[in-house]
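The values are calculated or read from the model by the stated rules, or taken from the named source; none is laboratory data. What you see is a predicted model, and the numbers here were worked out from it, not measured in a lab. Ideal geometry is used to build each Cβ from the backbone, glycine not excepted, and the neighbour counts take in all protein chains shown. These area figures cover heavy atoms from the full protein model, side chains too; ligands, DNA and RNA do not enter into them. Shrake-Rupley method; radii C 1.70, N 1.55, O 1.52, S 1.80 Å.
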Amino acid sequence: MENILDYTQDELKQWMELNGEKSFRAKQINDWIYKGIFNFDDMKNIPNETKAKLNNSFYIGVPEVTHRLDSKNNDTSKFLLKFKDGNIIECVVMKYDYGNSICISTQVGCRMGCSFCASTIGGLIRSLSSGEMLGEILRAQKEIGERISNIVLMGSGEPLDNYDNVVKFLKTVNFDNGLNIGQRHITLSTCGIVPKIYDLMKENLQITLAISLHAPNDYLRKKIMPIANKYTIDEIINACKDYIKTTKRRVTFEYSLVKDVNDSTENAEELASILKGMLCHVNIIPVNAVKENDYEKPSNHRIKNFSDVLTKFNIENTIRKEMGTDINAACGQLRRNYLNQSNEMRCKDGGDVI
Ligand code: SF4
């Protein structure tokens, strides 16, 4: 059985023709799915014979909600979602004035090993298919009962470590007969896999590229991000400059601010010097504490000072508004807590602990 969400509408049309069905059925089926009908038998204008063929070949790979947490002020909802094979990922929906934004996962776990991130603690389990990423959005839309208009690929997983599926996903969400989310409303965040940044700029996409930089020099970056042993900041910055030239799009640099690790005035000055003259924006993210490491959030004074130094050197920046800290909105924390709890339960049962 295949996940029908892994098929583009054109691929589904071809499948219909090959299986003795009318190709227009592909659009009808997609219309139902995008309206939130996740069962072929409930698709009213599809003949029973076609439904039987669909049920024999496909499932609609929209994950189930295992857990939902809403922040007290209702601006953030976090979902733990379970796929058909039992794997769990998380996604977060944030409500802004300009619309609903979703942060999706691209892999189950992650192998990049960033020291401030809970998603990587158990390593990479597997990559998600394009249809599974689509399924996260369809499930979230159904849960909140509202349209999602912005996507951020910044949940668990490194998107460029799952390149082909992610690119297929980006092209599918843009499809006007599907979710119809414009590429300018999509941000892809990477820890900086340089050759893939060069590949991405050739895809003719208008998405925003965000680099998880988190340090102004290789020495410090190597301490918190193992990927820094493979690609230097210079190589990343050069790739970004080419990306800007090719796509004419501003690049975002994500900078998680950690107390006494990368939050000094000198760190801010060094960051300003490497980004000088670039069409870019720095997103300062005061770190959320993760139980498994000792990182702490800097004081408000230190956070503001970091931002002020960048501004002084004409580097556009914003301090990310905190959303959902009461519901573990930091990357991978909810899934981690869930896995820890289920492991504890299995321990108590005397069962297998991984
Ligand atoms: S920050 Fe992103 S790339 Fe780094 S370990 Fe976490 S999920 Fe992976």
Could you tell me how many of the residues in region 234-281 are in a loop (DSSP other than H, G, I, E, B) and of a type in the set (Asp, Glu)? 2
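Where residues in region 122-134 are in contact with a Leu (Cβ under 9 Å, 6 or more places away or on another chain) and not in a helix (DSSP H, G or I), which of them is nearest to the ligand (Cβ to nearest atom)?
Gly122
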Just a yes or no: is a residue in region 44-61 crowded, with 18+ Cβ neighbours inside 10 Å, under 28 Å from Ile186 (Cα atoms) and not aromatic (Phe, Trp, Tyr)? yes
Sole residue being among the basic types (Lys, Arg), farther than 24 Å from Ser189 by Cβ and open to solvent by 50 Å² or more (accessible area, probe 1.4 Å), chosen from Lys95, Lys35: Lys35
Restricting attention to region 108-117, report how many residues are more than 8 Å from the ligand (Cβ to nearest atom) and at negative phi. 2
Subset of region 163-191 (residues that are surrounded by fewer than 22 Cβ atoms within 10 Å (Cβ to Cβ), in a helix (DSSP H, G or I) and either within 16 Å of the ligand (Cβ to nearest atom) or of a type outside the set (A, V, I, L, M) (or both)): Tyr163, Asp164, Asn165, Lys168, Lys171, Thr172, Gln183, Arg184, His185
Can you tell me which residue in region 206-233 is farthest from Phe306 (Cα to Cα), limited to those that are part of a loop (DSSP other than H, G, I, E, B), open to solvent by less than 10 Å² (accessible area, probe 1.4 Å) and free of Cβ contacts under 8 Å to residues at least 60 places away in the same chain? Ile207
Are any of the residues in region 142-155 buried (at least 24 other Cβ atoms within 10 Å of the Cβ), within 15 Å of the ligand (Cβ to nearest atom) and outside any loop (DSSP other than H, G, I, E, B)? yes
Restrict the check to region 208-225 and report whether at least one residue is assigned by TED's automatic domain parsing to the domain that holds Gly155 and over 28 Å from Thr120 (Cα atoms). no
Looking at (1) open to solvent by 10 Å² or more (accessible area, probe 1.4 Å); (2) away from the ligand (no atom under 16 Å from the Cβ); (3) among the polar types (S, T, N, Q), which is the one condition that is false for Ser101? (1)
